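Some notes on the structure that comes next.
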Amino acid sequence: MHEYTSSARVWGLSCPGFPEEVSRARRWTRDILRGSPLAENAELIVSELSANAILHTASGQTSGSFHLALAVSPQVIALSVTDDGGTGTAPKVEHQDQDAEHGRGLGMVSALAHRVVVHDSHGGHTVTAELITEVGPAGGHPC
């Protein structure tokens, strides 16, 4: 994962696990990233990850919640959604047929982001998507 230097700014938001909170998460992301050329992709990523948390984990159950973190540095935007777990398996990218009704969310996130990382987090899972904001020397991506 990229290192977030002291120049990174970090925001956090906790939401109850209701479907209408997905649009709140999108607005929150849009407001923070206003003016960024990556704002639209970031909104889509947050929407997918938030909806997945509600649909597929204990986050969508009574008194469930999901938590967002947004870190912005000159090099990268990192969007993380932490769910309440309860599924027994970690989220994973599955390459589905384009006509499939379900299972494409993380695949779409993976297509939009430069990197997607899933890890266990206090009984749940955190999915982090990174968007590179700046290319390094000779046009390469920073490590």
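The values are calculated or read from the model by the stated rules, or taken from the named source; none is laboratory data. Being a predicted model, the structure only gives us computed values, none of them experimental. Positions of Cβ are backbone-derived with ideal geometry, glycine not excepted, and every protein chain shown enters the neighbour counts.
Checked against the criteria, A42 counts as at pLDDT 95 or above, part of a helix (DSSP H, G or I) and within 14 Å of L131 (Cβ to Cβ).
Within the range 37-67, the set of residues being in contact with a Cys (Cβ under 8 Å, 6 or more places away or on another chain) and under 14 Å from V109 (Cβ atoms) comprises just one member, S50. Filtering the range 34-53 to residues that are over 14 Å from the mean Cα position of the chain (by Cα) and either within 15 Å of L70 (Cβ to Cβ) or among the small types (G, A, S) (or both) leaves R34, G35, S36.
The set of residues from the range 40-72 being of a type in the set (A, V, I, L, M) and touching a strand residue (DSSP E or B) at 6+ places or on another chain (Cβ under 9 Å) comprises A42, I45, V46, L49, A53, I54, A58, L68, A69, L70, A71, V72.
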